[in-house]
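Read the structure below first, then the notes.
The values are calculated or read from the model by the stated rules, or taken from the named source; none is laboratory data. Everything quoted here is computed from the prediction, not taken from an experiment. Positions of Cβ are generated from backbone atoms using ideal geometry, with glycine treated the same way; all protein chains shown enter the neighbour counts.
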Amino acid sequence: MITNRPWQLWCSAFIFLLFSSFNLLAQQTSEMPRYTVTGKVTDEGGIPLEYATISFQSTRNPEQLTGGITDPQGNFAIEVPRGTYNINIEFISFEPKNFANRQINSDLDMGTIVLGMAAGELDEVVVTAETTQVEVRLDKKIYNIGKDLTTAGGTVADALNNVPSVSVDIEGGISLRGNENVRILINGKPSAMAGFGNTDVLSQLPAEAIERVEVITSPSARYDAEGTAGILNIILKKEKTLGFNGSVSARVGHPDQVGLSANVNYRTNKFNLFNTTGFRYFDAPGMAYSDTRYFEYTDADGELVTPSFDRLIEDRQMDRLNRNFYTSLGMEYYLTDRSSITATGFYRYGEDEDLTTNNSLAFKDGMLETLRKENQIEDDNSYQIALNYINKFNDSGHQLTADLQYERDEETQNANINEVILSNTTSEPAPFYPLERTYTEESQNEILIQTDYVKPIGEDAQFEAGYRGNFEEEITDYQLLLENRQTGDLELSPLTNIFTYTENVNSLYSQYGNKFGEFSFLLGLRLENTQLKGKIESELTEEELQEEFGIPIDTDFDNNYLGLFPTVNLIYELGEQENVTLGYNRRINRPRGWFINPFPSRASRTNIFQGNPNLQPAYSDAFDLGYLKRWKKLTLTSSVYYQYETDSFERVEQISTVEDDEGNNNEVIRTIPINLATNQRVGAEAGLLYNPAKWLRLNGSVNFFQFDTEGEYNGVDYSAKNTSWYGRFSSKVTLPAKIDWQTNAFYRGASEGAQTERQGIFMIDMAMSKELFNDKASLTLNVRDLLNSRKRDAYTLTKSFERNSEFQWRQRSITLSFTYRFNQQRNERERRRGENGNEDMEGGEGEF
């Protein structure tokens, strides 16, 4: 087991080896009967203390010593010869406990031994808690989030961007090792807090709500097989100390933003009540620019197509006003000392008003200038209720958990689109652009049923089995009204439709793990049945839809997939501070609803995105070889990985000529997701955590990867091979007067696909923080994207057009935040130690 306390590990290991040597000598010189002494060591809040030392000193012969250390659950079981002993229990930074003249003439259970915090240790411990630390398990890396100044007043998405192996693109899309197909879980489960099919919600929840992030690049069989890149499991804070404690934060910033949030917790011996509530208002201006040059080309029928324009320049400005409220309330009730039931509820309301202005210049024998304005208002209501039951049969990890969760999300969008002609110097008459009005209602229901059983076998083996059922239905009711040129009335377009998408997944799994000396393994197998159903209700027939969208359309499909997903995870401990891991897993990538829905977006008349109802799931096989080494002040994590994916998703751009009501031809560039043949990805990554002094903390990581895609679509070869990389560096300096200064830098290298080349992106975040009121409060000023350089520059080339584009989702922002903490002095120490997964009731995932 790897922990985030290397200096404690070395001390504990030395004491343990010393005791073992004396114990061996005692065995050789005495044939006395031996008895087993058992017990558990915790702190005053009931948190187990791993690697606490238990020593037995004979009162008859003080030189005779034996002893041992506690396991991750704080338990110990030590054999000692019959006799009378002085028993000493110690853990660094805690007051030791002594039991003098204890006679041992039979097996002895000492029960739970509680250690109190040593006086004078709190200040040193709090400083340690400011550092993000990493733990390595058989199937994951756990990053215990430290005091990251650059995310103060920020969101969960901002915090994820500082986690090694993870990157968040300029649109908020999350990728793992450069792969966007990553599964997001909250407390071990899919959640409305992670968004329905997107990650927008993660840009609204406060970063302060995160306890830790589990980066699971080689998921074991206990996890859903969804996500070919792996899983990010975000564990939210739930305090474990008795009494009332929490924090309140307020923030203001530019572009306009204001927010208020609170995390509060009240715990007694019988229940634990916890709540996170917040409100946020912010303006998120962005921009997009594209310059497209069109060519003559031959279509699928072999006919030469001449474009209606030679060149099109589009300049879009986006103003997005967002107002959202969220609250999460939960209570854990302790039925017995070993069982509890937890009920949680989450609610979010969002109200957005977006104005997109698109100025277009079209050239051919003159210029046609138009101005397109889209005003969209969106309301979003999401809620989630969940029940979790856990029963721990004993302290060795034998437990049963059951979960029931229901989620509902409702979104309504109303948009008015108006395009006017500013000037026309071409030889053609000015075209007519009708006024457009769209109404969209989306609703999603999701039910989760899950049960997991964990059974330790002996001291080092463990068996797990479980069931998970996910039942999801998404309904999109879309109405499009177009202006009639003759009457000026708005009339219902044939593109009006109702799209119903259903995804049902039933899965069973079992896995077995064991440890032989320094070698541990975890073998698992998961069986999943996936049902994907889609139904399109439209006035258009399948033939008319195919003609309209350029792809075959099945308006009523029902696909079933049965798959086996094996997992293998191995770890070899070269020493207490060094190990090697090897993992293999098979994963699935199921298409989400917006990738399936063929009805296109309306943001631009000439550049649109539309789904593909013919998409099939993609499957991948992945291998991961990792190495971890700890020194006193330095931690190195590294890995090499390989992934082979079949039927991989790829977005391709194709041009089509659409004839409007006036008989004018218009070129429309469609972005469509397709199943390409194969995608191979190989890469290597390394990360360093270095704390050379109390006043300086450094953190850096780099990831190199290469992907090789092969396949064709509609007779076009989309094969591509590309090598890219990204790296991040963070430094935190503690200055006099309790002032901290932190700088984060991130660079994503250039990349090249089958059609598009993207330039590299460099970004710097900077923050300063001042502790106030005897460290109970902090004032933080941070600047995200200091150089305003987080922009995507790309060049696209096809047989029919070439395009230069620039896109910026969010401009540079400045935030001033104030946080006040109450009754949290001891909580910093608890978060420093981290927690074993078997103690984490909200996670619903056992550990081996």
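Residues checked against (1) within 28 Å of PRO255 (Cα to Cα); (2) among the small types (Gly, Ala, Ser); (3) in the same structural domain as THR606 (by TED's automatic domain parsing):
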site: PRO307; (1), (2), (3): no, no, yes
site: ARG320; (1), (2), (3): yes, no, yes
site: TYR326; (1), (2), (3): yes, no, yes
site: GLY345; (1), (2), (3): no, yes, yes
site: ASN359; (1), (2), (3): yes, no, yes
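May I ask you to say which residue of ALA402, ALA343, ALA386 is surrounded by 19 or more Cβ atoms within 10 Å (Cβ to Cβ) and of a type outside the set (S, T, N, Q)?
Numbers: ALA402 fails: surrounded by 19 or more Cβ atoms within 10 Å (Cβ to Cβ); ALA343 fails: surrounded by 19 or more Cβ atoms within 10 Å (Cβ to Cβ).
When all the criteria are applied, what remains is ALA386.
MET318 meets the conditions (1) in a strand (DSSP E or B); (2) of a type outside the set (Ser, Thr, Tyr); (3) surrounded by fewer than 17 Cβ atoms within 10 Å (Cβ to Cβ) in every case but one. The failed one is (3).
Residues that are modelled with pLDDT under 90 and among the charged types (D, E, K, R) do occur in region 697-705. Scanning region 71-107 for residues that are assigned to a loop (DSSP other than H, G, I, E, B) and modelled with pLDDT of 85 or more yields a count of 4.
Scanning region 696-737 for residues that are touching a residue at least 40 places away in the same chain (Cβ under 8 Å) and outside any strand (DSSP E or B) gives GLY711, ASN714, GLY715, TYR718. Contact map, region 777-804: residues that are free of Cβ contacts under 8 Å to residues at least 40 places away in the same chain paired with residues that are small (Gly, Ala, Ser) and assigned to a strand (DSSP E or B), Cβ distance under 6 Å, separation 6+ or inter-chain. Pairs shown: ALA794/SER805.
Restricting attention to region 197-218, which residues are assigned to a loop (DSSP other than H, G, I, E, B), surrounded by 23 or more Cβ atoms within 10 Å (Cβ to Cβ) and either modelled with pLDDT of 75 or more or touching an Asp or Glu at 6+ places or on another chain (Cβ under 9 Å) (or both)? Talk me through it step by step, then tell me what you get.
First, the residues of region 197-218 that are assigned to a loop (DSSP other than H, G, I, E, B): 197-199, 204-205, 217-218.
Narrowing further to those that are surrounded by 23 or more Cβ atoms within 10 Å (Cβ to Cβ): 205, 217-218.
Listed by number, the residues that qualify are THR217, SER218.
Residue pairs whose Cβ atoms lie under 6 Å apart, separated by 6 or more positions or on different chains, with the first residue in region 547-558 and in contact (Cβ under 8 Å) with a residue 60 or more places away in the chain and the second small (Gly, Ala, Ser) and not in a loop (DSSP other than H, G, I, E, B), are GLY550/SER656. Taking the numbered list (1) under 25 Å from ILE385 (Cβ atoms); (2) in contact with a helix residue (DSSP H, G or I) (Cβ under 8 Å, 6 or more places away or on another chain) in turn, VAL454 passes all entries but (1). Among the residues examined, GLY687 qualifies as in a strand (DSSP E or B), crowded, with 20+ Cβ neighbours inside 10 Å and under 21 Å from the mean Cα position of the chain (by Cα). A count restricted to region 781-818 and to residues that are of a type in the set (Asp, Glu) and farther than 29 Å from ILE655 by Cα stands at 1.
Could you tell me whether any residue of region 391-399 is under 17 Å from ALA288 (Cα atoms), out of contact with any Ser or Thr (no Cβ under 7 Å at 6 or more places or on another chain) and either buried (at least 20 other Cβ atoms within 10 Å of the Cβ) or at pLDDT below 95 (or both)? No, region 391-399 contains no residue that is under 17 Å from ALA288 (Cα atoms), out of contact with any Ser or Thr (no Cβ under 7 Å at 6 or more places or on another chain) and either buried (at least 20 other Cβ atoms within 10 Å of the Cβ) or at pLDDT below 95 (or both).
Scan region 615-660 residue by residue and report those that are without any contact (Cβ under 8 Å) to a residue 24 or more places away in the chain and under 30 Å from ASN484 (Cβ atoms).
Start the filter on region 615-660 by keeping residues that are without any contact (Cβ under 8 Å) to a residue 24 or more places away in the chain, which leaves 651, 658-659.
Selection gives VAL658, GLU659.
For LEU625, the test of being of a type in the set (A, V, I, L, M, F, W, C) and at pLDDT 90 or above is passed.
Looking at ALA300, ALA221, ALA288, which is the one that is of a type in the set (A, V, I, L, M), in contact with an Asp or Glu (Cβ under 9 Å, 6 or more places away or on another chain) and in a loop (DSSP other than H, G, I, E, B)? Lay out the reasoning, then the answer.
On the way: ALA300 fails: in contact with an Asp or Glu (Cβ under 9 Å, 6 or more places away or on another chain); ALA288 fails: in a loop (DSSP other than H, G, I, E, B).
One residue alone meets the criteria, ALA221.
Filtered by the rule that a residue be crowded, with 16+ Cβ neighbours inside 10 Å and acidic (Asp, Glu), region 469-522 gives GLU472, GLU473, GLU474, ASP477, GLU483, GLU503.
Output the residue which, of all residues in region 769-810 that are in contact with a helix residue (DSSP H, G or I) (Cβ under 8 Å, 6 or more places away or on another chain) and either buried (at least 18 other Cβ atoms within 10 Å of the Cβ) or of a type in the set (S, T, N, Q) (or both), is farthest from TYR294 (Cα to Cα).
Going residue by residue through region 769-810, those that are in contact with a helix residue (DSSP H, G or I) (Cβ under 8 Å, 6 or more places away or on another chain) are 769, 775, 780, 782, 784.
Among the residues that remain, those that are also either buried (at least 18 other Cβ atoms within 10 Å of the Cβ) or of a type in the set (S, T, N, Q) (or both) are: 769, 780, 782, 784.
Values: SER769: 52, THR780: 50, ASN782: 44, ARG784: 38 Å.
Looking at residues that are in contact with a helix residue (DSSP H, G or I) (Cβ under 8 Å, 6 or more places away or on another chain) and either buried (at least 18 other Cβ atoms within 10 Å of the Cβ) or of a type in the set (S, T, N, Q) (or both), I get SER769.
Only residues that are over 13 Å from SER639 (Cα atoms) and either under 27 Å from the mean Cα position of the chain (by Cα) or not in a loop (DSSP other than H, G, I, E, B) (or both) were counted across region 572-583, and they come to 5.
Residues that are among the aromatic types (Phe, Trp, Tyr) and over 30 Å from TRP695 (Cβ atoms) within region 615-633 comprise TYR619, PHE623, listed in sequence order.
When GLY350 is tested against (1) surrounded by 20 or more Cβ atoms within 10 Å (Cβ to Cβ); (2) touching a helix residue (DSSP H, G or I) at 6+ places or on another chain (Cβ under 9 Å), exactly one condition is not met: (1).
For region 61-76, the tally of residues that are within 15 Å of ASP460 (Cβ to Cβ) and among the polar types (S, T, N, Q) stands at 2. Taking the criterion of being of a type in the set (Lys, Arg) and within 29 Å of the chain's Cα centre (by Cα), the residues of region 774-811 that qualify are ARG784, ARG790, LYS791, ARG792, ARG810. Tallying residues that are among the small types (Gly, Ala, Ser) and either out of contact with any Phe, Trp or Tyr (no Cβ under 9 Å at 6 or more places or on another chain) or under 30 Å from ALA737 (Cα atoms) (or both) within region 762-807 yields 4. Taking region 405-430 as the range and being surrounded by 18 or more Cβ atoms within 10 Å (Cβ to Cβ) and either touching a Leu at 6+ places or on another chain (Cβ under 6 Å) or not in a strand (DSSP E or B) (or both) as the test, only GLN405 passes.
Yes/no per residue for (1) in contact (Cβ under 8 Å) with a residue 24 or more places away in the chain; (2) of a type in the set (Val, Ile, Thr); (3) in contact with a helix residue (DSSP H, G or I) (Cβ under 9 Å, 6 or more places away or on another chain):
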{"position": "LEU481", "(1), (2), (3)": "yes, no, no"}
{"position": "ASN484", "(1), (2), (3)": "yes, no, no"}
{"position": "ASP489", "(1), (2), (3)": "no, no, no"}
{"position": "SER493", "(1), (2), (3)": "no, no, no"}
{"position": "THR496", "(1), (2), (3)": "yes, yes, no"}
{"position": "TYR501", "(1), (2), (3)": "yes, no, yes"}
{"position": "LEU508", "(1), (2), (3)": "yes, no, no"}
{"position": "GLN511", "(1), (2), (3)": "yes, no, no"}
{"position": "LYS515", "(1), (2), (3)": "yes, no, no"}
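Sort out which residues of region 526-571 are among the hydroxyl-bearing types (Ser, Thr, Tyr) and either in contact with a helix residue (DSSP H, G or I) (Cβ under 9 Å, 6 or more places away or on another chain) or surrounded by fewer than 20 Cβ atoms within 10 Å (Cβ to Cβ) (or both), and write them in order of number.
Filtering region 526-571 for residues among the hydroxyl-bearing types (Ser, Thr, Tyr) gives 530, 538, 541, 555, 561, 567.
Of everything in region 526-571, those that are among the hydroxyl-bearing types (Ser, Thr, Tyr) and either in contact with a helix residue (DSSP H, G or I) (Cβ under 9 Å, 6 or more places away or on another chain) or surrounded by fewer than 20 Cβ atoms within 10 Å (Cβ to Cβ) (or both) turn out to be SER538, THR541, THR555, TYR561.
THR357: under 30 Å from GLY46 (Cα atoms), surrounded by 14 or more Cβ atoms within 10 Å (Cβ to Cβ) and not hydrophobic (A, V, I, L, M, F, W, C), yes or no?
no
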